[in-house]
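Structure first, then comments.
Each value in this text was obtained by applying a stated rule to the coordinates, not by laboratory testing. Computed from a predicted structure; not experimentally measured. A quick note on method: Cβ atoms are made from the backbone with ideal geometry, for glycine too, and the neighbour counts reach across all protein chains shown.
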Amino acid sequence: MLKSRRSVILLLIALAMSVVMAWLPVIYESINQPAKNGKLIELNGLEAIEFKNSLRSIHNGEVTPERLKKALEIYQSTVSQYGEDSIYKGEFPLDLYIEKVFPVEPLLGRLPEAFSDPKTGQGTSLMNISSDQLDGFYEQTEQHLKDIMLMEQKKYPTAQKQALQKYAEVKKPFHLYPGYSRDAFDYIVLFIFVFVILCTAAVTPTFSNEYQTGSDSILRCTKHGRSRLAIVKISAALSIFAVAFTICISIHLLISNLAFGSECMKTSMQMLFSVISLPSLNLGQLQIILATGGLVSLLATISFTLFISAKFKEPISVILIAIVMCLVPIFTYSAGTNWLSFILPSAGIGMQNSLLYQLTDFNYLHIGQMSFWTPYVTIAAAVIEIPVFLLLTVCTYCKHEVA
């Protein structure tokens, strides 16, 4: 398999993409720094990240009500002079924004969501939040979760109860170490999706290519050319691409974390995504979960592709079916939450349907009055499908021998 030019080229592309996709969110970072002469200095990439972190690092640590109060007072007293709309219209004085507003934005970023309208879920302006309300900030986040679950899972009290129990396990107060961007997480998800597509393309000829060339007829006549050969081929494919994925995702995360600052990984995911995200994870732990989930989805997708490769003689048919299978969860998810979106081998990869957004969302699947959180369904389905499709691959290959 490693002598195959196709496999080597695809693995080299995957390695290159791990570096490129880790660096892309870094080069897109930018900020204008006011100079002493009144001019603006545009900073990009690592310089922009370093400057941003120097301004915001004073707020590193626990997100306590007292710190939220102080930050909100700074924001409101500064912004009230010009109006909040001036920030979005670009009319707010840049030097004042950089000095006062920019440093506190990550700390206050989740307040509009926490104090949103309970009936519509629409966020509240920071100017309309009283500092006295922040004494009950964490109680308000729990109330906000109750409101959201009542809107999204009104007919399913079991789902509402499960979400509240899950959120009760989240460590509070939250921790904040600003710097890491949501875009960087999107690129992690995108890289995993691209990697799975590349590996799927590499593994498709495993059985079908030898069917087409006729070499399989010779191999089946050898001493170990039956089920043992199938098992060895399967083991080779799984081990090679699992190791390749581990290496590539490690390189990707290492570059990303060193660029943005490894300290950012201690930030609670609730401070970067939704304030009511259910998992009790920091950003570093979230990366590990995404990498592990990506590996499980990769192995499940490869297992399915091997089954198709053992079933059909034409490699082109195999690759078309395999690629379609990778894309189906994306399209079914866009049509609405349903079981098909989360039980296919590739259900954990994609974009909005990916494991990342399942972890930050509140989608539940239902059987009667029983409710299941979609990340659990996705991972459980993939873990079950791996041995099932591998067994089907061996059986299918053996039946092909008899035929």
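The figures follow:
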quantity	calculated
Cβ-derived FRET efficiency at R0 35 Å, Lys266 paired with Ile9, nearest 0.05	0.35
Euclidean distance of C-alpha centroids, region 100-172 and region 179-213, integer Å	36
Furthest towards positive pole of dipole, Pro118, Leu2, His252, structure part the chain, Cβ charges	Leu2
Cα pair distances of region 161-272 binned at 5 Å [whole percent]	2, 9, 13, 13, 11, 11, 10, 8, 7, 6, 5, 4, 1, 0
J(HN,Hα) series, region 366-382, from Karplus relation 6.51 cos²θ - 1.76 cosθ + 1.60, nearest Hz, glycine and proline x	10, 10, x, 9, 7, 10, 10, 5, 4, x, 5, 5, 4, 5, 4, 4, 5
GNM top mover of Leu355, Leu286, Leu320 - the chain, alpha-carbon springs below 10 Å	Leu320
Selected from Met149, Leu134, Pro65, residue furthest toward positive end of dipole (region 47-154; charges at beta carbon)	Met149
Separation between Cα centres of region 339-403 and region 287-335, rounded to whole Å	10
Tail weight of P(r) past 18 Å, computed on alpha-carbon pairs of region 312-368, percent	36
Karplus-derived 3J(HN,Hα), 6.51/-1.76/1.60, for each residue of region 262-274, Hz, glycine and proline x	5, 5, 4, 5, 7, 5, 5, 5, 5, 8, 9, 10, 8
Which listed pairs, of Lys100/Lys266; Lys311/Lys399; Lys3/Lys313; Lys3/Lys233, have C-alpha distances above 19 Å, in listed order	Lys100/Lys266; Lys3/Lys313
Full-extension gain in nm, Asp85 to Leu2, via 0.36 nm per residue minus C-alpha separation	24.0 nm
Counted charge near Leu198, where neighbours are those whose Cβ lies closer than 15 Å (Asp, Glu -1; Lys, Arg +1)	+2
Residue-averaged 222 nm ellipticity for the chain, from DSSP H runs of 4+ at -39500 (n - 2.57), nearest 500	-20500 deg cm²/dmol
Computed label-point distance, nm, for sites Ala242 and Glu169 using a 7 Å Cα→Cβ extension	2.5
Neighbourhood net charge (11 Å Cβ-Cβ; Lys/Arg +1, Asp/Glu -1) for Ser309	+1
Value in Å of the Kirkwood radius, where region 234-321 supplies the Cα pairs that are averaged	15.4
Per-selection Kirkwood Rh - region 47-154 (Cα, Å, 1 d.p.)	15.1
For region 142-153, 3J(HN,Hα) per residue [Karplus equation, 6.51 cos²θ - 1.76 cosθ + 1.60, θ = phi - 60°, Hz, x = Gly/Pro]	5, 5, 4, 4, 4, 5, 5, 5, 5, 6, 8, 10
FRET efficiency, 1/(1 + (r/R0)^6) with R0 45 Å, evaluated for Ile231 and Leu24 via beta carbons	0.70
Residue with peak Gaussian network fluctuation, the chain [Cα springs, cutoff 10 Å], from Gln160, Gln133, Gln143	Gln133
At R0 = 35 Å, FRET efficiency that the Cβ-Cβ distance of Ile251 and Asn128 yields, to 0.05	0.15
For Cα extents along the principal axes in Å, calculated from these coordinates, the label among (i) 78, 61, 38; (ii) 58, 52, 39; (iii) 84, 57, 31	(iii)
The chain: relative contact order in percent, alpha carbon pairs under 8 Å with at least 6 residues between	19
Net charge, Leu176 excluded, C-beta distance under 12 Å - Lys, Arg +1, Asp, Glu -1	+1
Per DSSP, loop GluC sites (Glu not before Pro) in region 133-222 with at most 11 further Cβ within 10 Å	Glu169
Point-to-point label distance, Lys70-Lys39, nm (Cα→Cβ direction, 7 Å offset)	3.7
Spacing of the two label points (7 Å from each Cα toward its C-beta) at Cys395 and Lys161, in nm	3.8
Most fluctuating residue given options Ala48, Ala335, Ala230, as computed from a GNM of the chain linking Cα atoms under 10 Å	Ala335
